[in-house]
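Q: First the structure, which I've put down as structure tokens, then a few questions once you've had a look.
The values are calculated or read from the model by the stated rules, or taken from the named source; none is laboratory data. All figures in this text were calculated on a predicted structure; none of them were measured in a lab. Positions of Cβ are generated from backbone atoms using ideal geometry, with glycine treated the same way; all protein chains shown enter the neighbour counts.
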Amino acid sequence: MRAILKDVLFLCVANSARSQMAEGLARQAFGDKVRVRSAGSNPTSINPHAVTVLQEIGIDISGHASKRVDDLDTHDVDTVVTLCADEVCPVFLGKVRRIAWPLQDPAKSVVGESEADILERFRKVRDMLKGRIEVLAALQGRPRSVPAHEFHSSIRVNDLARSARFYAWLLDCEPKDITHRFVTFIRADLHLNFVILVNDGMELHHDTLFHLGVAMKDKEAVVEAYHRALEYGAEIHKPPRTTWRGTPLHELWIKDPDGNLIEIYARLTDEELATKPVDEQPVFLVSGTQP
């Protein structure tokens, strides 16, 4: 389910620092696509240090004013973000998406601190808010996901036996496969295929053991995943194809933003296995994608 923000409200107590900075940052991140407001349960006045640290990154909130949440028309609000840490945040009634980001109030004074110390504290809160809001904005409007049946992940371990015992306990299941190189755990109820692999110092990639694998129902689902990856704008590492060497699969390789490889695959049916070519060369599943 993709949650689309249309009207977001940031809340704290005084609507002076955290929620005001969040409002300014969110207005820049979302533009005119999302209505952004802030308010408090006991509003005071906008903190000048909040104005200063946002001006440092090109955002002007000097015209903002502190507002009481009860004075706002909140009928269209779909998302409420509370920012209180030690304080009791305003109560917002209504059926909305609720997000809690408990951040210490940078306006709380400390005996003997300098102006530079205060500004640095405000910058830290500003940067934490900025990073979180950027994630919210990045999640907006993303296209359809792939129809996954299972997720496969792997990690490296130094002591295979000790780690096998630990993960059998943590996942509460017996291993499906045990070798001297890896141990596989499967939890169908969690759509999880989890592998622990002996750490040999080699780079972990598709020629050793993939970081993340996503199982599909069949060949058509892999092809559909390819088109959805193109719709998303994901980098295609290898287009959809049927491979015969090793484990026969219909597979698609994509990369995440950091270059980590992800294999999207479906196992072949008995009928498909019977069509294996003599030379065992891969068969590409989408015309025009063969290198």
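Q: Provide a single number: the residues in the stretch 102-122 that are closer than 17 Å to residue 85 by Cα and either touching a residue at least 60 places away in the same chain (Cβ under 8 Å) or polar (S, T, N, Q) (or both).
A: Matching residues across the stretch 102-122 total 7.
Q: Would you pick out the residues in the stretch 146-199 that are polar (S, T, N, Q) and either under 22 Å from the mean Cα position of the chain (by Cα) or within 19 Å of residue 266 (Cα to Cα) (or both)?
A: 153, 154, 184, 193
Q: Out of 38, 19, report the one residue that is under 18 Å from residue 125 (Cα atoms), touching a residue at least 12 places away in the same chain (Cβ under 8 Å) and part of a strand (DSSP E or B).
A: It is 38.
Q: Report whether or not residue 134 is modelled with pLDDT of 85 or more, of a type in the set (Asp, Glu), in contact with a helix residue (DSSP H, G or I) (Cβ under 9 Å, 6 or more places away or on another chain) and not assigned by TED's automatic domain parsing to the domain that holds residue 262.
A: Details: modelled with pLDDT of 85 or more: yes; of a type in the set (Asp, Glu): yes; in contact with a helix residue (DSSP H, G or I) (Cβ under 9 Å, 6 or more places away or on another chain): yes; not assigned by TED's automatic domain parsing to the domain that holds residue 262: yes.
It is true that residue 134 is modelled with pLDDT of 85 or more, of a type in the set (Asp, Glu), in contact with a helix residue (DSSP H, G or I) (Cβ under 9 Å, 6 or more places away or on another chain) and not assigned by TED's automatic domain parsing to the domain that holds residue 262.
Q: Sticking with this structure for a sec: Go over the candidates 127, 86, 105, 117 one by one and state the one that is acidic (Asp, Glu), in the same structural domain as residue 57 (by TED's automatic domain parsing) and crowded, with 18+ Cβ neighbours inside 10 Å.
A: Working: 127 fails: crowded, with 18+ Cβ neighbours inside 10 Å; 86 fails: crowded, with 18+ Cβ neighbours inside 10 Å; 117 fails: crowded, with 18+ Cβ neighbours inside 10 Å.
Only one candidate passes the filter, namely 105.
Q: Same structure again: Scan the stretch 211-263 residue by residue and report those that are crowded, with 16+ Cβ neighbours inside 10 Å, assigned to a strand (DSSP E or B) and among the aliphatic types (A, V, I, L, M).
A: Result: 214, 215, 249, 252, 254, 261, 262.
Q: Being more than 27 Å from the chain's Cα centre (by Cα) and polar (S, T, N, Q), is that true of even one residue in the stretch 20-29?
A: Scanning the stretch 20-29, I find no residue that is more than 27 Å from the chain's Cα centre (by Cα) and polar (S, T, N, Q), so the answer is no.
Q: Show the residue pairs meeting these rules: Cβ distance below 7 Å; 6+ apart or different chains; first residue within the stretch 55-72 and closer than 19 Å to residue 28 by Cβ and of a type in the set (Gly, Ala, Ser); second residue assigned to a helix (DSSP H, G or I) and at pLDDT 95 or above.
A: Pairs found: 62/51.
Q: Collect the residues in the stretch 124-145 that are more than 18 Å from the chain's Cα centre (by Cα) and either over 19 Å from residue 27 (Cβ atoms) or of a type in the set (Phe, Trp, Tyr) (or both), keeping them in residue-number order.
A: Within the stretch 124-145, 124 is the sole residue that qualifies.
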